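Trainee: What follows is a single structure, and I will ask about it in a moment.
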Ligand SMILES: NC(=O)c1ccc[n+]([C@@H]2O[C@H](COP(=O)([O-])OP(=O)(O)OC[C@H]3O[C@@H](n4cnc5c(N)ncnc54)[C@H](OP(=O)(O)O)[C@@H]3O)[C@@H](O)[C@H]2O)c1
């Protein structure tokens, strides 16, 4: 058997702890498949004294994690600290510059600095791998880079955040409102104490940006991403969607149109018969549409110590086997700079929800704005009974048309004292 692959591990939290347990418990099986042992030689975290439930005494400890990158007895640095910048980025740069392979689960860092890090890896001739950064255990990066490598990709989309999916599917099942379900998700450990990155869609956007770059051969352009989250969705929206035959899911979708790139994270109405509608709880699922493969569906646990460690160690096994494929499949210099698509030109059916004061003439005002903007209404539902505070919900679904027309209709209604809050717009996933 070849010499062991020598690993330095930065970060011993949820994922780092999982990686140690996985390598320790499945070491023999992994060595058989990789053709060599995976040996952790050095580790680092903030607090050396913390009880992590595993025996760390056999591993060398570094107080400063960037020193892991300089160790002569290390082949691969595994970064499981987190954060787009700061110490994680310093370690990543240092490791690649020192010609160490790098494995990370850090989607924020790859979404913001992936191009720079891929270039460093390319120049050093070492692998940079980040399977765990997108959808945890689900091998969707491998799916794109390997399984679907021969295909032109039409679009890639899916449920990329387990916290949001847990909240939405629980709201659906229980009929309860967002704030109440978020609180429960926090108590159960499905949502962070500060849930903003998840519920505002930013975490999904990080993952989508990475998938889009690989799928469409473009440079990551995180600033061009359109992002909205789930905090404004009410139990009433979920009930209306259900009455129309849909469920609501936070969907990240990227597609290439005429050499431009459309990337958006937004709650969407998903037809009940679509495979993504059946994805419940904290599960992630990604659909890749290839011109020869057809629709591929990848689904599984998107977070947690075991699932995320599974993806990290899969990357380590690839490196142990000698896989030196480029992080984004092609050299960074060959990645295109794809301009952002004009989302106003996209054609969609949309769900619109207005909260209005309960008085005559309001409905006529809304429908007049729709007519003046050229939006054709397919169905309109006005809830008979006023909600709390005397407001009434008016929901409608439009016929298919350019999204710019819906935006124009909403502009016409800006300043109307009939509306008690900004209207909510969600496209229907076709
Ligand atoms: N958790 C998941 O399910 C999941 C899923 C997919 C991807 N990820 C990604 O995986 C990465 C790690 O996530 P996690 O959930 O494992 O985080 P975590 O539980 O908060 O662990 C972070 C670790 O980094 C260490 N650390 C933080 N700052 C440090 C510093 N300046 N120097 C040395 N060590 C430092 C912490 O040390 P102490 O323990 O001593 O405080 C801790 O061990 C993140 O990029 C995250 O986005 C996580």
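Trainee: How large is the convex hull of the C-alpha atoms of the range 279-430 per residue, in Å³? Could the numbers behind the result be given before it?
Mentor: Working: hull volume 30.6 nm³, N = 152.
Cα convex hull per residue, to the nearest whole number: 201 Å³.
Trainee: Largest first and in whole Å, what are the equivalent-ellipsoid semi-axes of the range 79-189 based on the Cα gyration tensor, each being the root of 5 times an eigenvalue? Don't skip to the end; give the middle numbers.
Mentor: Working: eigenvalues 222, 78, 19 Å².
Ellipsoid semi-axes (Å, largest first): 33, 20, 10.
Trainee: Return the distance in nm (one decimal) between the two label points of a simple spin-label model at residue 58 and residue 24, each offset 7 Å from Cα along Cα→Cβ.
Mentor: Distance between label points: 0.9 nm.
Trainee: Please list the three semi-axes, largest first and in whole Å, of the ellipsoid equivalent to the range 17-143, using sqrt of 5 times the eigenvalues of its alpha carbon gyration tensor. Could you put the intermediate results ahead of the total?
Mentor: Working: eigenvalues 96, 69, 48 Å².
Its equivalent ellipsoid spans semi-axes of 22, 19, 15 Å.
Trainee: For the range 319-398, state what percent of all Cα-Cα pairs lands in each successive 10 Å bin, counting from 0 Å until the bin that includes the largest distance.
Mentor: Pairs per bin, as whole percents: 14, 29, 16, 11, 13, 13, 4, 0.
Trainee: Please work out the FRET efficiency for the pair residue 273 and residue 46, using the Cβ-Cβ distance as r and a Förster radius of 41 Å; give the result to the nearest 0.05. Let's see the in-between values first.
Mentor: Values: r = 48 Å, r/R0 = 1.17.
The calculated FRET efficiency here is 0.30.
Trainee: Of the listed peptides 415-426, 85-96, what is their order by residue-averaged count of other C-beta atoms within 10 Å, with the highest listed first?
Mentor: Values: 415-426: 15.6, 85-96: 20.3.
Order by mean packing, descending: 85-96, 415-426.
Trainee: Highest mean first, what order results for 399-405, 198-204 on Cβ atoms within 10 Å? Mind dumping the intermediate values first?
Mentor: Working: 399-405: 15.6, 198-204: 24.1.
In decreasing order of mean packing, 399-405, 198-204 become 198-204, 399-405.
Trainee: Using only the Cα atoms of the range 119-259, construct the convex hull and provide its projected area averaged over every direction, in square nanometres to one decimal. Before the final figure, lay out the partial values.
Mentor: Numbers: hull surface 43.3 nm².
Approximately 10.8 nm², given one-decimal rounding.
Trainee: Given axes a ≥ b ≥ c from the Cα gyration tensor, I'd like to know whether the range 256-306 is rounded (a/c under 1.5), prolate (a/b larger than b/c) or oblate.
Mentor: Working: a/c = 1.61, a/b = 1.56, b/c = 1.03.
Cα axes put the range 256-306 in the prolate bin.
Trainee: Angle, helix 178-187 long axis vs. longest principal axis of the chain, Cα atoms, 0 to 90°, nearest 10?
Mentor: It is inclined by approximately 20 degrees.
Trainee: Starting from the exponent 0.38 and prefactor 2.2 Å, build the expected Rg for the range 178-235 from its residue count and divide its actual Cα Rg by it. It would help to have the intermediate numbers written out before the result.
Mentor: Details: Rg = 14.1 Å, N = 58, 2.2 N^0.38 = 10.3 Å.
My calculation over the Cα atoms of the range 178-235 gives 1.37.
Trainee: Moving on to the next point. For the range 1-73, place one equal point scatterer on every Cα, skip the solvent, and apply the Debye formula. What is log10 of I(q)/I(0) at q = 0.20 Å⁻¹?
Mentor: After summing over all Cα pairs, the log10 values are -0.87.
Trainee: Helix-only mean residue ellipticity at 222 nm, the chain, DSSP H runs n ≥ 4 weighted -39,500 (n - 2.57), per residue, nearest 500. What is it?
Mentor: After summing the helix terms and dividing by the residues of the chain, the value is -10000 deg cm²/dmol.
Trainee: Continuing with this model, one more query. Give the dimensionless ratio obtained when the Cα radius of gyration of the range 48-91 is divided by 2.2 N^0.38 Å.
Mentor: Values: Rg = 11.8 Å, N = 44, 2.2 N^0.38 = 9.3 Å.
After normalising by residue count via 2.2 N^0.38 Å, the value is 1.27.
Trainee: Helix 86-97 versus the longest principal axis of the chain: what angle, 0 to 90°, nearest 10, using Cα atoms?
Mentor: Compared with the principal axis, the helix lies near 50 degrees.
Trainee: Also, quick follow-up: Can you give the Rg to Rh ratio of the chain, both from alpha-carbon atoms, with Rh computed by the Kirkwood formula?
Mentor: Values: Rg = 23.7 Å, Rh = 23.1 Å.
Here the Rg-to-Rh quotient is 1.03.
Trainee: A further question on this structure: What do you get for Rg/Rh of the range 106-160 when both radii come from the Cα atoms and Rh is the Kirkwood radius?
Mentor: Values: Rg = 12.5 Å, Rh = 12.6 Å.
Rg/Rh for the range 106-160 comes to 0.99.
Trainee: Given points 7 Å out from each Cα along the Cα-Cβ axis, report the residue 417 to residue 90 separation in nanometres with one decimal.
Mentor: My value for the distance between the label points is 5.7 nm.
Trainee: If one computes the Cα centroid of the range 1-28 and of the range 140-169, what distance in Å separates the two points?
Mentor: Between the Cα centres of the range 1-28 and the range 140-169 lies a distance of 26 Å.
Trainee: Next question, about the same structure. Can you pull the percent of Cα pairs in the range 207-319 with separation above 20 Å?
Mentor: Values: 3437 of 6328 pairs.
Distances greater than 20 Å cover 54 percent of the Cα pairs.
Read the figures in this text as sums done on the coordinates, not as results from a lab. The structure displayed is predicted, hence computed values, not measured ones. Counting neighbours? That spans all protein chains shown, and the Cβs are built from the backbone with ideal geometry, glycine included.
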